Amino acid sequence: MPLATILGTGAALPEKIITNADMEKLVETTDEWITTRTGIKERRQAAPSESTSMLSILAARKALDMAGITPQELDLIICSTISPDMPLPSTAAFIQTGLGAPACCAFDLAAACSGFLFGMTVAEQYIATGKARYVLVVGAELLSRYLDYKDRATCVIFGDGVAAGVLGPATPPSGILATEMHTDGAFANQLYIPAGGTRRPASCETVTGREHYIKMRGNELYKVAVRSMEEVSRRVLEKAGVSADQLDLFIPHQANQRITDAVRERLGVSAEKVYSNISRIGNTSSASIPICLDECVRSGRIKKGDLVLMAAFGAGVTWGGVLMRW
Ligand SMILES: CC(C)(COP(=O)(O)OP(=O)(O)OC[C@H]1O[C@@H](n2cnc3c(N)ncnc32)[C@H](O)[C@@H]1OP(=O)(O)O)[C@@H](O)C(=O)NCCC(=O)NCCS
C-alpha cells in the first residue's frame, strides 16, 4: 500500500536562453551536430546575480502552494545538488531560512542526475516511518557555473534549472509504489570535476588548468546510461507487479534524446507515453525529472490515477527509479 506521494510541484528556470546558434559562436560546433547527437536546441543560463538557493526558494514556494502546505509545516528539506551556493554550509540551509521554514532538518544530497529520485526515496522512508509528515525535495542545478565554454563535448549539453516536489502521506491507491537507488563508484571517472575538493584544492594551477570544470567521457557514459536506466526501470516495475505496457507516462532523466529513445525501445514503451523536454531545457542534472514532472502536472499531461515511471542515471555513477500512481 503506498504510504507517500507528491502533493505539489514547482519549477523555476532562469530567463536567459542559450540557443545552438549561440553555441556556434562559442565553440566549434553546429546546430546540426548538437540536434542529431543530443536532441538539444536550447538551454537556460542563470544570471550572475542568481544562485542555486534563490531559484530553489521560488520553485519550492510554487510546490508548497500547489500542495496547500505552509513552509512552517515542513519536517524535512532535502536539496539535491552538485552545484551548491557554497561548499559550506548546505544549500538546503539557505532554502530553509529563505522559505521561513522552522528549524527542521535540512540537508544536501549529492547523487548528480539521479538526485531527485534519491531524494524522493529518502523522503518516502521518513514519511513511511512516521519521522516526517511533509518533506520538501528540491532538484537544483546551476551547472553553467561549472561548464568549460571551451569544451564543446560538455558545454552544449548541460543547462540550468530548478524544480521541487512536496511529499506527504498518500491516499491509496495514489502514491509511490516502488523505488530503487544504486551507485557504482567504479565509473566515477566518467563524469567529474577534478579540482575544488580535498584531492585538488583550488590553486592558481587548478584554475589555469581548467580543472574546476565538468569533465566527461561521453561515449562510455552513454552505454552505462542506457543499460542502467533500462535495468532500474525493469526492477521498479517488477517490484510493483506492473508491466511496461500498463504505464501511462515514462519520464526519463533528460540526458540525451538518443538515450531516451534507446531506453524506451528496450522497455517496449510506446513513444507517445514518453515525456521529453530536452530540446528546450537540455540536461539539468537533478532538476531534470522534477522540471518534467512540473510541466506534466501543470499542463494536464499527468492525470489522477496515472501510472508514472521515472528513471535516472548520473555521475558516480548513480541510477535510480520511482514508480508512482498519481
Ligand atoms: C556526449 C555525446 C552526445 C557525444 O556523442 P558521440 O556520438 O558519443 O560523439 P563522440 O564523443 O564519439 O565524438 C564524435 C566526434 O564529435 C566531436 N564532437 C564532440 N562534441 C561536439 C560538438 N559539440 N560539436 C561538434 N563536434 C563535437 C568529437 O570531438 C568527435 O570528433 P572526432 O571524431 O574528430 O574525435 C554522447 O556520447 C552522449 O550523449 N553521451 C552521454 C553523456 C551524458 O548523458 N552525460 C550526462 C550524464 S547525466
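The values are calculated or read from the model by the stated rules, or taken from the named source; none is laboratory data. Source: prediction; values computed, not measured. So basically every Cβ, Gly included, is an ideal-geometry build from the backbone, and we count neighbours across all protein chains shown. These area figures cover heavy atoms from the full protein model, side chains too; ligands, DNA and RNA do not enter into them. Shrake-Rupley method; radii C 1.70, N 1.55, O 1.52, S 1.80 Å.
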Requested in this report: Could you tell me whether Asn256 is out of contact with any helix residue (DSSP H, G or I) (no Cβ under 8 Å at 6 or more places or on another chain), within 16 Å of the ligand (Cβ to nearest atom) and within 26 Å of Gly139 (Cα to Cα)?
Outcome: no
**Report entry** Qualifying residue in segment 30-48 (condition: in a strand (DSSP E or B) and open to solvent by less than 20 Å² (accessible area, probe 1.4 Å))
**Finding:** yes
Query - Leading residue by the ranking (farthest from the ligand (Cβ to nearest atom)) among those in segment 1-29 that are without any contact (Cβ under 8 Å) to a residue 60 or more places away in the chain and in a strand (DSSP E or B) - result: Lys16
Query raised in the report: When you go through Met120, Met86, Met54 one by one, which is the residue that is of a type in the set (A, V, I, L, M, F, W, C), closer than 28 Å to Ile157 by Cβ and surrounded by fewer than 16 Cβ atoms within 10 Å (Cβ to Cβ)?
Result: Met86
Query raised in the report: Can you pull out the residues in segment 178-209 that are more than 30 Å from Leu309 (Cβ to Cβ) and surrounded by 16 or more Cβ atoms within 10 Å (Cβ to Cβ)?
Result: Ile193, Pro194, Ala195, Gly196
Query raised in the report: Say we look at segment 187-232 and pick out the residues that are of a type in the set (D, E, K, R) and under 18 Å from Cys155 (Cβ atoms); which of these is farthest from the ligand (Cβ to nearest atom)?
Result: Glu211
Query - helices (runs of 4 or more DSSP H) contained entirely in segment 130-247, each with at least 1 residues that are touching a helix residue (DSSP H, G or I) at 6+ places or on another chain (Cβ under 9 Å) - result: 152-155, 218-240
Report task. Residue by residue through segment 277-326, note down the ones that are away from the ligand (no atom under 14 Å from the Cβ) and part of a strand (DSSP E or B). Result -> Leu307, Val308, Leu309, Met310, Gly321, Val322, Leu323, Met324, Arg325
Report task. Give the residue, chosen from Ala67, Ala92, Ala47, that is within 12 Å of Ala140 (Cα to Cα), modelled with pLDDT of 95 or more and under 21 Å from the mean Cα position of the chain (by Cα). Result -> Ala92
Query raised in the report: Can you tell me how many residues in segment 156-213 are touching a His at 6+ places or on another chain (Cβ under 9 Å), under 26 Å from Arg37 (Cβ atoms) and in contact (Cβ under 8 Å) with a residue 24 or more places away in the chain?
Result: 1
Query - Of the criteria (1) touching a residue at least 12 places away in the same chain (Cβ under 8 Å); (2) over 23 Å from Gly175 (Cα atoms), which one Ala103 fails - result: (1)
Query raised in the report: Residues in segment 96-110: is at least one touching a helix residue (DSSP H, G or I) at 6+ places or on another chain (Cβ under 9 Å), outside any loop (DSSP other than H, G, I, E, B), open to solvent by 20 Å² or more (accessible area, probe 1.4 Å) and closer than 22 Å to Gln257 by Cβ?
Result: no
